[in-house]
Structure formats: C-alpha cells, structure tokens
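Just below is one structure, and these are the notes that go with it.
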Amino acid sequence: MPGQHCATDIQRNIDCSTPAALFTPSPATAIELQPLMAHADLTSENEKSQENVKKDPKHPNLQKAKTCFLKGVSYFAGDMEVFGKWIEKQFLLLQVLDWVLRGAAQVMFVNNPLSGLIIFAGLILQNYWWALNGFVGTLFATISALILQQNRGAIAAGLYGYNGILVGLLMAVFSNGGDWYWWLLLPNIFMSMMCPVVSSALASINSRWDLPVFTLPFNILVCLHMVATGHYNHHFPQVLIQPRSELPNITWAEIDVAKLFMSVPVGIGQVYGCDNPWTGGIFIISLFISSPITCAHAVLGSAVGMVSGLALAAPFGDIYFGLWGYNCVLACIAIGGMFYALTWQVHLLAITCAFFCAYLGSAIANIMSRFGLPACTWPFCLSALTFLLLTTGTNRIFKLPLAKVTYPEKNLVFFWKMKKEEKRERVEKEKSEREEKQRALEEEVIQNEKEQLRLELEEAERRDASKALEGNIDEMCVEVDAPEGEDDATEGQGIQHTHLDPADYV
Amino acid sequence: MPGQHCATDIQRNIDCSTPAALFTPSPATAIELQPLMAHADLTSENEKSQENVKKDPKHPNLQKAKTCFLKGVSYFAGDMEVFGKWIEKQFLLLQVLDWVLRGAAQVMFVNNPLSGLIIFAGLILQNYWWALNGFVGTLFATISALILQQNRGAIAAGLYGYNGILVGLLMAVFSNGGDWYWWLLLPNIFMSMMCPVVSSALASINSRWDLPVFTLPFNILVCLHMVATGHYNHHFPQVLIQPRSELPNITWAEIDVAKLFMSVPVGIGQVYGCDNPWTGGIFIISLFISSPITCAHAVLGSAVGMVSGLALAAPFGDIYFGLWGYNCVLACIAIGGMFYALTWQVHLLAITCAFFCAYLGSAIANIMSRFGLPACTWPFCLSALTFLLLTTGTNRIFKLPLAKVTYPEKNLVFFWKMKKEEKRERVEKEKSEREEKQRALEEEVIQNEKEQLRLELEEAERRDASKALEGNIDEMCVEVDAPEGEDDATEGQGIQHTHLDPADYV
Amino acid sequence: MPGQHCATDIQRNIDCSTPAALFTPSPATAIELQPLMAHADLTSENEKSQENVKKDPKHPNLQKAKTCFLKGVSYFAGDMEVFGKWIEKQFLLLQVLDWVLRGAAQVMFVNNPLSGLIIFAGLILQNYWWALNGFVGTLFATISALILQQNRGAIAAGLYGYNGILVGLLMAVFSNGGDWYWWLLLPNIFMSMMCPVVSSALASINSRWDLPVFTLPFNILVCLHMVATGHYNHHFPQVLIQPRSELPNITWAEIDVAKLFMSVPVGIGQVYGCDNPWTGGIFIISLFISSPITCAHAVLGSAVGMVSGLALAAPFGDIYFGLWGYNCVLACIAIGGMFYALTWQVHLLAITCAFFCAYLGSAIANIMSRFGLPACTWPFCLSALTFLLLTTGTNRIFKLPLAKVTYPEKNLVFFWKMKKEEKRERVEKEKSEREEKQRALEEEVIQNEKEQLRLELEEAERRDASKALEGNIDEMCVEVDAPEGEDDATEGQGIQHTHLDPADYV
C-alpha cells in the first residue's frame, strides 16, 4: 500500500514506509525521534544536543526516563501511526470513525484522530447543531470517496473528510433556517458527497504543479450552495451578507485590548466558523498535541491577521470576531513548515504570506459580499497556492514533494536527512577530488624525477657513444651491432632505467 | 487524413479509420452494426442476442430483411459517414453546407447533417431572424476556421461551427434591438469569426488534460458582447437582466402539471435558446435519428433539471421556461455515454452530474444576473469538465480518449472491444499461467521420483561400499582409488542414474 | 549567464549569445545590422537591397558613412546591449538604476534604459508624485527579486521592474488621498515587493504553455489593493468608480475631431495612467528609439481602440481620455512582432487582436466597475494570451520560443535566419533525393544489362551441357564430376560471369 500511496495525486500523503522504525522500543531509535516530538526543539541546534545525548552515557536513568516519555508521546503525537496501524485491523465502523476524526483535524493539516476528537469537543462546546452537521458532512464525504473508489491511503488520512466537515459546518453556520432545521441535512449530504468529486477533479489539475487542493472544494461547494439559494430562498435561506458601502469612523481610543488579544484564539476558531474563544483555545491544544510547529504558526498567523486588520482600517468588530485571522492561520501553517521545510527564510516567507493573505482576505470579502457570499477560505487557498508556486534560486526554501509531506517536524527530519546526504556526497566528492589532485601532484613529481633521470641517462649514453666512436673506430667494422649490445649493458647498470619504458612518458 | 485527425487537439473527433467497415453491404457486417443502431439495444445483453442471431440460420428471410433495414438506417443514423465520404468529392459550397449543418447539430454532440437540417427547421419554426443569425454565425465560424487553417477533419465534423451557431442565435435572442435589426449582423460576424480563435486557444489549454472545449468559446464571446454593450448601449442594446432581490411565494397548489411536463422538451429547446415546445420536440427527433442514447439522456437531463428546480424552490415560471433544463440536458448527454463509455455506473454518474449542474446553474444565473448577463451554458461546461476530470479506481467508469470519441453507441462498441481484448489477454495469460503451473507440478512429481530413486541408489551404494569395506579390507592398501572406480561402475549399472547430474537439482 | 538565461521560465528574455557580433566595428557586420535598425526597412524587400549594397562597391564613402551612422544608432537602439555589457562591470547602484530604467520601459516590451529615462521624463511632466511612486515601485520590485534570488538576467532586463512601476504609478493614480499622501508609500512598497512573488508563481503556470506573464501581477496586485481598501477606507481611500447605469445620448455632430486624433497619443500615455498628450508623445519617441516596429504598432493599436470605441457607442469622453486605447496599444505590440515574427498575416492578426481587445476592454471595464475597480490591463493580458495560445496550420504565423524573444526587429532576423536554414536544408534534401533517384535509375539500367547477360550465359551453358550429353555419353561413367569441372571451365571463359554471383541479384 505505501507504494500505491506515493504514486497517488492526492494532496498531503502520509509516507508509510520510513516511519516504521519510529516506534520500536530500542532507546537509540527513540532518541532519533526527538526532533519529531513536542519539546521545543524547533531549531537545528537540537540536532547537536541530540548527538550530545547520544555520546553522554553518564545518566542512564534520566536517559531511560526520557526515552520512555518520548515513546509515550509518540503514541498520540504526530500522525499517531501506531494507532493508525492498529485500527487497520479493526471493525470497519471503527475505521470510518478514525477517518472521520482525522478528517476533522485535517482542516488544520493535522492527521491525528485525537486532535480530531478534541476539535469535535470544541465544536460541541460551540453549537450542537453545527457539530452534528460537521459530523454528517465528514461522514458522507468519506463514504462518497469510498463509493468512488478513491485512494484508500488518502481516505484513511482524512484527506477526503476535511472538505466535508467544512461544508457541513459552514452550511449550518450560514443557514438562515435556524438550528435544528432538519431539511438542511439534504443539501448538506449532497454537497458533502460532491466533495470527493470536486477534490479529485481539482487534484487532476493541481497535481501538474505538485500542488495540494487545500480547501478549494469546500470553497466552491459552499459558495455554490449559498449563491444558488440565497437569502430569499424559501427552502434553504441563507444569512444576509451585504457589501459595506460605508465604514464606521475608527477612533483608536475605542480599542479594546482584551478583545484584541482574544481575537487570536477566536481567529483560530473561525477556521471552523466558531467565534467562541474557548473553542479556539481547545483547537490550539489539539494542534499542540500533534505538532507544536503547526500550533506556533497558527497563533502567529492569527496575530498577523489582527495586525493587518488594524493597518487596513478594518472595523474593530470584524477583527474581534476573528474574520481577519482564520485565513492567515491556515496560510501561515501551510507555508511555515507544512509544504516547505522549516528554515528561517521559510519562517519569514510564512509571515509574508500571512500578511498577503490578510490583504487578499479583505479584497475577497469585499468582492464576495456583492454576491451575498462570505469569503470562506478562498484567500488562504489563493495566497498559499501563490507562495507554493514561487520558484527561487536559494536552497534554503525547499518545497517538499507532495508525496513526502506529513507534518512539520517529520518534514524537517526529511529535509535534514536530505541535506546530510547531500553534504556527505559533497564532502566525499571533495575528498575524492582532493585525493585526485594529490595523486596528480605526486605523479607530477615522480614524472619530473623520471624526466631528470632520463635526461641524465641520455647524456651519459651520448658520452659513452662518443667515447666508443673516438677510441674504437677500427673495431666498428667487425662488430656492427655493438652499440645495441652496449645499450643493453647500460640499461642493466641502472635500476631506475628499467622503469623508463615509453609507457611511463604517456 | 485519419492519422492527422487523431493527432489533433480538437475536441470531439470522428475517427475516420475504424468505421470504414460500417457500410459494406455484407450481412455479417450489418449484424455487427446492431449495437450502433437505433433499436433499444442499450444494454450489454444484446451482444448475446446478436450472437444468437448469428448462429440462427432458421429465418433467412427475416434475417435478410433486418439486414437491409439496418443498412438503410446506417445511411442516415450515427455520423452519416457514407454521406460524409461522398460529399468530400463534391463542390466546395455543398461541403460547406454539410459542415454548417453538422455544426448546428454538434451543439448537442451530434455529428449528423440530417439532424442539423431538422434543427434548422425547428429554429425556423421558432423565429426566422434567429435562424438566420444562427446560420450566419455557423457559416462565418467555419470560414474563419478555414482562414486560420485549422484541422480540416475537425471543420468537416462541424466542431468549429457549433459555437458559431450559438453565438449567432443567442446574440439575436438577447438583443434588445428587435427582430430584423440588420446592424446586429456586424458584431455577429465578428464574434463568430473569433470563435475558432478562442476555441483553438482553449483547446491548447484543455488538451493538456485531454478535455474538450465544450461551448466555452460561445459562453465567453456572448458574455463578452453582452457585457461590453449592455442594456443602455445605443448601437447594440441587450435585454435587461436584473438580479432577483425577492422570490415570489411558492404554493404547491398553483403548480401546472401539464406545463411541468412540457418543460422537458422546452428545456431541450432552450439549448438553442428556443422556448417553443414543438421546436424542442423537433430537436428530440433530430437526436433520436443520430443516437438514441443521446436522445434518452437529453430527456433524462431535462427532467432532472425540472426536479432540481422544484427542490431548490425556483419560481415556476423559470422551470416552465426550460431555464433549469438546458444545462442538465447537455451535461447528461456529455457524461452519459459521450465522453465516458456507458455503463450503469456512468449512467448514475450522468444523473449526479445533471443534479450538480442544476445546482450550479442556479448559482451561476444568480451571479451573472448581477452583471446583466444570462447563465449561458457555463453551468454545463463547468460541471461536465469537473466530472470529466474525476479519477476513480474502478474500471467501470472509463473515460474515452478524446480522439476516439464519436457517438455513444460507437463509443460503447469501442469500449466492449477493448474489454474483450483485455479479457482475452487475461484469459490467455491465466491459461498460460495454469499451464505453467501444471508443468511445474508435473516437473515436481518427476523431481520427487528422481529424488526417491537417487536416495534408494545412494543407500544401495552405501550398502555395497560397507560390504566392500567389510570383506576386502586387506585389498585396500593396494588399490587406493578403488572406491572411485567402484562408483563409476555403480553409475554404469542404473539407467536413471545417468540423469542425476547436479544440474537436475537446481 | 546566457545559458542560465535561456533556461529560465521568465517572460521576455534577452538572448545574450547571438547579438555579440552586433556591435563589432567591421563594416560588413554593420551592414548585417541594417534590418535591426530604425530606418524603414520593415519589409522583407530590404533583405534584397541589403545584398545589393553588399555587392555594390561603387560608393565606398556613402557606404562607410552609412556604416558609421548605423553603428552609432546601434549604441542606443534595440536593447542597448553594449551599454548593458558595460554596466555589468560598474558599481551595483548604477546597475540597479539601469535595471529600474529598463523596467520602466519593459511595460511597453522595450528593454532599453534610454527609453526608460525618457518615459520617466514623461511621467515627471505628468505628475511628480506619480513619477516618484512609480520609481519607488520599480526599485522595490527589483530589490525584492534580488532578495528572492530570481534569475539575474531577467532582473537585469527589467522583467521584474515593469510590474513594480505600474503598481506604484496606478496606486498613486487611483488613490483618493491626494498627492503627497506619504502613507501611500507603505502599501506601495509592500505591493511592489509582492510583484516578483506573483510573477514567479504565474510564470510557473504560464511557462507550461511557453507564455509570458505580461502585466498580470500588476493587475492582480492593484485590484487587490483597491478592492481590499475601497473608496470608504480611512487609511487608503480609492477614487470612486461606479457602474454606468445609463449612457448619454451620442450625437455625431458633437464629435471633436482634434480631440479624437489626440486620443491616439493619449491612449499610449494611458498605458502608464497618464492623460497628458505630450506625455503620450514622449512615450512614442521612446518607443521609436528602441524599435520602430513596436512604435508603429503602438500607434496603430491606439487608433484601433479609438475606432472600436466609436463603433460600440462609447461616450466620447472615454475615447478622448484614451481609455479605449491603452489595452489595444499593448495587445497590438505584443502580437505584432514581439511574440510572433512579423509577417503580413501576423500584422493582420495583431489588428484583429486589437479589435478583440477593445471589445474585451469594454466588457471588463463594465464588470470591474461593479466592484469599484478600473479595468487595469486585464483586457490586454487576456486577449494577448488568447491570441498567443492560438495554433494554426500555416507557417506564416510563427510564435517565437519565449527564450528567443527580444524585440521585433531582432525577432524578424531570427525568423528569417530560421527560414533560410530551413530552405537550405530543404534544397539540400531535394538535391540529395534527386541524386538518390538518379543513382537508383542508373543502377536499374546496370541491373537490367546484367540480367540480360546472365540469361544469355545460362542459355549458352544449357546448350553446352546438352552438347556434352549428346556427344560424350559413353565418357560419363568414368568422369562423374565432369559437368562441374566443365561448369568451372565455362566460368573461366566469360569475364562478366564472375560478377554474376547471387549477391548481385538481391
């Protein structure tokens, strides 16, 4: 299945082959896990500390405890692969539940059923009806993907569910029919079941540039439903969204700093359409469990969105409500470590992308409002795709191949390994080149010495020959081939001379 | 030309090579034609009945009559290839007329001049002026394609004309200048002549995904003309289309069932912008002549559109007027047998696509109305392209290569042939595998027998050797290499033993 | 660097390799330059006159003077490559200034710092504040491209600056904050710095079809800024653009012919958002310096735009203001010699494209005005891309590979060389084919003669053999292999016979 998995054009694949060694109980492997785990080892210096730990046999107990702890963490952090492997052998219904939970978390690029469970808890805290619609959406999107025989690995990673949960949730959020308007489940189910169709179609296009489809299917389908029905529809009325013709006067004195700070978790909550700060806080926890880098970038993105809102003179209400944050949250996560390997340059790029996304968010919200539509996550999709299409000359901004994308920490390990491999190859190449040079130099010296010897010898021969010419001129007529014989004799005298056959001078 | 034809990036090509056998007068071939013909043989069971017929020599007269009938049908059904071949050698003006008629029918994916003629009859029944504009549009689009030296096979199939007829027709339909406003012919000719340019440009993009351009050039050019001029333009005023701010109250008692049923042919007529149910009926006949599968899906699509309209609380007037039907008609034809080979799964997919198209139609109509534009056939194009981009793991949903697309019946034959070929190959492969296995098994048996014999022999030898050891212990000092000699002798005794060289045990 | 340059996916590259010979002082080379230069040698007949000049040694002085003049012209015309080579070795700040000036001219596809300087002069004539914003935009776009390590050759050609100057200029033009509203520099710098990001992303997509990005990044970013802030924004208010609901009555008597003629240079000025006819005139001069073909098509495009405006009943004010011209100017330049090699067919295509662009311009302006946006250069981008995606069967419409695009005159030389090369190859091929045929014919004759001889010989042998049979029938029993011996003897008799081994008859 891993082979099949890698060959697919589905977005964020979990590479099932490499991490097999991740959860073996040997301490040495567990140490290797460190960069994947939750403990603030975001910079490359932890690599050194890791090596220090390896070389440090002084505290075996501490070492052991740490190993055990890391092993424990590895069971529920990252993409919970051990659990994923275990559930593969279980009852189908349990598997589908796992896929639904992973789908719920995949909205934030997190492939972790525990995070999904916490996210559902947050949704229930916000609104029962919305949570139910979200669940129905995820479930039917997953079922539809199964019917359409999409890639099983991608379904198991929740990659067909996350558009479903958003479609379900946001259709409930923007419905003007009020809570528990059961008819809504009909278009909800239809639209969720269209998710894999649209996902597959978009993946056919985006895969040409090795790009994920992000939440584009959700954006397309929710906008489709909302604009097809509209506010005045008798069956499925939508909330009234109207373009703003005038902006209220902004006085900086009126600003509420507490609400401004609260807008950061609210912005994260708004990814799922939730305005409850506690729900946002719960989402932050769910992100932290799986991947601290993702969590950090989510908070950063939300803050950038808030600042952008202030800079562009947005009404404070919108900022407090998290409308400036949620797109930046997603864009910042996507660029900051998820699809690029995290370096300082990429970190700065992620922040730039978040600012660009906030700008774009304002623009798209203004345009969409003309049609009575919310901005959805179009700004995130478009800005993230733009920044993923960017090509630069530097190797510090490394876009991971889509099939290798997992979560920021593992992506980093992949990147470091690749770098090490490259470095080793370079070093080896340099070494071999240096050796080559050394050898060439030595050979030259030998060559020179040989040449010297040869010249001396030639001179000696010439002298011998002239002597022979002078002294034995009368013997010449008798012994015609004497010079040759003499030559052989000369050769026999010097050891070095035997080496001086013509092949040495090539 | 067929080779040149297949290599082109033009949408629905007619493969000129394979159907050459279609119209030969031999009865055997005519029987093969059956699945292509008009007589309710849509399911795969007719294949069997066909074979029954072949094996059934009891009713030679009936057989002969049937053959004659099918031969007759083949002259004007399908893509009328015999006629196409004949007209190739005629006067250019006649050829152009053939291309124009085929272009008129190609709007519905029908490559048949007779259908085109009937369609023009329907248009004349609707409105003389519109029919004239449609004719002018088709003509100039074809001429422009000739000037731009586009693929001759594609031009002859009417693939450059169908956008022209729609541009001409719809520009007349949406013009507010009234009938016989002759100035309209100027932009009509300009826009028709732009059709091949836009078609060629879009084909350059779509061919990367092996997709047709559908009616996108028409959509682009008509919207272009309408929005460039607008309702208040002094030269080319357009009809006023305004967004609906409030929907009338719908009371189910008010529904007019007769009109509702009439909306099915009207929906088919609206493909050409005609609201006359008789015109729609004529169009149904023209479809039936060429391809009954196409005809059935057209009616089905129109019905799906009507149902969707009721489900989404559309005003009854719009439904009666066929505005919910025409996109679904085209989408249902395109998916149901035209670009996919028709199976039950594809049939369900076509219905799903029609529902999706209706939804999308409502959405796009609402958006376009903000700009004073009609929905044109954007919903059809977008939904059909989405469903054609879909990739699934099942082989029951088979997308035909664009160069092999002709009409549903012939597509099916192509698909069946491919399937049969695959099956035969699989059977052969299985057979050879089974034989291989059999041989392996036999060899194993022989091997085992040999092994048995070898073991027995070895034992015998050992016994001989021990006897020799026991009896002739005093002779040993004299004959040191006796055991070897004895071994050779032993070999000479058994015939089977000679085969037991080490190579047999590999 | 040239190799690196050609491999890039950046739009209009300057091929640094071929024109090396352009500026050597030998007269023969200078004559070769003629078609590249500014003196009315736009048609292919100058090729002949060129050859006449070469063969004409009568007027050596005139010849010399002409050569000197052309050499002088070559220093500041075209893409000023000598200057570009010289500045490469200068101080970085000077280089950046060169890049900024080239960037300013690249809006019109001109890669010439002198043209850029003149264009800046025109901008200063129009408005100091706008010119400053344009300069800041170009500068920061170039700096951003350097930071993102984009292709150095493309940066040096100003390909990252031209979107920057447009972003800077148009943000100032459409700002409602008035001149010298310094805060505007903040979004100006941010948006200019986003230019290379969006350029690079779009190039990743467009390069699949070997298409340039044109001014799409500018269109995207300026629309983004304008719609994100809007007219009522407190920090960055935009001018109010509203859709026209009614058009004023047009009476042809009111037309002002002088203003209509003036609209041609104004249309060229509007490429940079300038409505001053003198500024437009200055721009025409700057175009003429670099490439007369470009200049001619710019004027032609502006005129076509004006005519289209009149045809589509546009308000005279818009036409006078150059709003119908600037897109056509760019489209006409792009198609007429820049990306296609200029032939008469391409010239007609450029005019068609200009008309299409004018139509599209009206449509896009109407749509964009609903969102309070100007049309920017979207019409130009979309129409030019459409016409560049066009594929035709004729070889008179030749699209240059993107890496070979320089300026119309040099493109023509490239095209002619290619044609000549092709012709030479064809002639050679024909020649070799003719020779092959001749040889085959001769061989056939020889073959026939041989065959004749062989037949005669065989007959002779047969006769000999029958004689031997008849006469020496009694000797047969003694000499059993006599016939063979006789055969050998026969062979010895005829010289031709030795050649008649079976290999000859293959």
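In the stretch C:55-100, the residue that is modelled with the highest pLDDT out of those that are under 25 Å from C:Gly168 (Cβ atoms) and of a type in the set (Asp, Glu) is C:Asp98.
Counting only residues that are over 20 Å from A:Ile205 (Cβ atoms), surrounded by fewer than 22 Cβ atoms within 10 Å (Cβ to Cβ) and among the polar types (S, T, N, Q), the stretch A:386-436 holds 4 of them.
For the stretch B:406-431, how many residues meet the condition of being of a type outside the set (D, E, K, R), in contact with a helix residue (DSSP H, G or I) (Cβ under 9 Å, 6 or more places away or on another chain) and under 16 Å from B:Thr343 (Cβ atoms)?
Within the stretch B:406-431, the first condition is being of a type outside the set (D, E, K, R), and the residues that meet it are B:406-408, B:411-416, B:418, B:427.
Filter once more, so that each one left must be in contact with a helix residue (DSSP H, G or I) (Cβ under 9 Å, 6 or more places away or on another chain): B:406-408, B:411-414, B:416.
Those left that are additionally under 16 Å from B:Thr343 (Cβ atoms): B:408, B:411-414, B:416.
Total meeting the criteria: 6.
Let's see how each residue does on (1) modelled with pLDDT under 95; (2) touching a strand residue (DSSP E or B) at 6+ places or on another chain (Cβ under 6 Å); (3) under 26 Å from A:Leu400 (Cβ atoms):
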residue	(1), (2), (3)
A:Ser291	yes, no, yes
A:Ala314	yes, no, no
A:Cys332	no, no, yes
A:Ala350	no, no, yes
A:Ala354	no, no, yes
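Scanning the stretch C:85-100 for residues that are open to solvent by 100 Å² or more (accessible area, probe 1.4 Å) and under 18 Å from C:Ser115 (Cβ atoms) gives a single hit, C:Trp86. Would it be correct to say that A:Asp256 is in contact (Cβ under 8 Å) with a residue 12 or more places away in the chain, under 21 Å from A:Asn219 (Cβ atoms) and surrounded by fewer than 24 Cβ atoms within 10 Å (Cβ to Cβ)? The answer is no for A:Asp256. C:Leu224: facing another protein chain (nearest Cβ under 7 Å), within 35 Å of the chain's Cα centre (by Cα) and either at pLDDT 95 or above or surrounded by 18 or more Cβ atoms within 10 Å (Cβ to Cβ) (or both), yes or no? The answer is yes for C:Leu224. Report, by residue number, each residue of the stretch C:175-216 that is within 8 Å of chain A (Cβ to nearest Cβ) and touching a residue at least 12 places away in the same chain (Cβ under 8 Å). Within the stretch C:175-216, C:Met194, C:Val197, C:Val198, C:Ser200, C:Leu202, C:Ala203, C:Ser204 qualify. When the residues of the stretch B:350-368 are filtered to those that are of a type outside the set (A, V, I, L, M) and more than 7 Å from every other protein chain (Cβ to nearest Cβ), the one that is most open to solvent (accessible area, probe 1.4 Å) is B:Phe355. Here is a check on your reading of the model: is B:Thr229 of a type outside the set (Phe, Trp, Tyr) and within 14 Å of another protein chain (Cβ to nearest Cβ)? Against the criterion (of a type outside the set (Phe, Trp, Tyr) and within 14 Å of another protein chain (Cβ to nearest Cβ)), B:Thr229 qualifies.
Within the stretch B:406-461, the set of residues being small (Gly, Ala, Ser) and either under 29 Å from B:Phe109 (Cα atoms) or under 40 Å from the mean Cα position of the chain (by Cα) (or both) comprises just one member, B:Ser432. Within the stretch A:369-385, can you find the residues that are crowded, with 23+ Cβ neighbours inside 10 Å, hydroxyl-bearing (Ser, Thr, Tyr) and within 14 Å of another protein chain (Cβ to nearest Cβ)? Across the stretch A:369-385, the qualifying residue is only A:Ser383. For residues that are within 20 Å of A:Leu216 (Cβ to Cβ) and among the hydroxyl-bearing types (Ser, Thr, Tyr), tally how many sit in the stretch A:313-341. Going through the stretch A:313-341 one residue at a time, the tally reaches 2.
Specify the residue that is surrounded by the most Cβ atoms within 10 Å (Cβ to Cβ); the eligible residues are those in the stretch A:144-166 that are within 13 Å of chain B (Cβ to nearest Cβ) and touching a Phe, Trp or Tyr at 6+ places or on another chain (Cβ under 7 Å). Lay out the reasoning, then the answer.
Taking the stretch A:144-166 and keeping what is within 13 Å of chain B (Cβ to nearest Cβ), we get A:144-155, A:160.
Filter once more, so that each one left must be touching a Phe, Trp or Tyr at 6+ places or on another chain (Cβ under 7 Å): A:145, A:150, A:154-155.
Values: A:Ala145: 28, A:Gln150: 25, A:Ala154: 22, A:Ile155: 25.
Filtering first and then ranking leaves A:Ala145.
Could we say that A:Asn249 is facing another protein chain (nearest Cβ under 9 Å) and open to solvent by 30 Å² or more (accessible area, probe 1.4 Å) here? So A:Asn249 passes the test. The number of residues in the stretch A:114-142 that are open to solvent by less than 10 Å² (accessible area, probe 1.4 Å), under 27 Å from the mean Cα position of the chain (by Cα) and of a type in the set (A, V, I, L, M) comes to 2.
Only one of the numbered conditions (1) modelled with pLDDT of 95 or more; (2) over 16 Å from A:Phe140 (Cβ atoms) is violated by A:Ser192, and that is (2). Give the residues of the stretch C:392-423 that are within 14 Å of another protein chain (Cβ to nearest Cβ), of a type in the set (S, T, N, Q) and in contact with a Leu (Cβ under 9 Å, 6 or more places away or on another chain), sorted by residue number. Within the stretch C:392-423, C:Thr392, C:Thr394 meet the criteria. Among residues that are surrounded by fewer than 19 Cβ atoms within 10 Å (Cβ to Cβ), part of a helix (DSSP H, G or I) and touching a Ser or Thr at 6+ places or on another chain (Cβ under 9 Å), A:Ala104 is not included. Among the residues of the stretch B:82-115, those identified as within 27 Å of B:Leu330 (Cβ to Cβ) and without any contact (Cβ under 8 Å) to a residue 60 or more places away in the chain are B:Phe83, B:Val96, B:Leu97, B:Asp98, B:Leu101, B:Arg102, B:Pro113.
For A:Tyr160, the criteria (1) under 19 Å from A:Phe109 (Cβ atoms); (2) without any contact (Cβ under 8 Å) to a residue 12 or more places away in the chain hold in every case but one, which is (2). The single condition from (1) loosely packed, with under 15 Cβ neighbours inside 10 Å; (2) farther than 22 Å from A:Ala365 by Cα that A:Gln242 fails is (2).
Here B:Thr343 meets each of (1) buried (at least 21 other Cβ atoms within 10 Å of the Cβ); (2) away from chain A (no Cβ under 13 Å); (3) under 19 Å from B:Pro408 (Cα atoms) with one exception, condition (1).
Restricting attention to the stretch C:158-192, report how many residues are farther than 19 Å from C:Val227 by Cβ and of a type in the set (Val, Ile, Thr). Count: 2. The set of residues in the stretch C:278-337 being without any contact (Cβ under 8 Å) to a residue 12 or more places away in the chain and open to solvent by less than 20 Å² (accessible area, probe 1.4 Å) consists of C:Cys295 alone.
The values are calculated or read from the model by the stated rules, or taken from the named source; none is laboratory data. Remember, it's a predicted structure, so these values are computed and weren't measured experimentally. Heads up, the Cβs are rebuilt from the backbone with ideal geometry, glycines too, and the neighbour counts pull from every protein chain shown. Side chains are part of the model used for accessible areas, which takes the heavy atoms of the whole protein and leaves out ligands, DNA and RNA. Shrake-Rupley method; radii C 1.70, N 1.55, O 1.52, S 1.80 Å.
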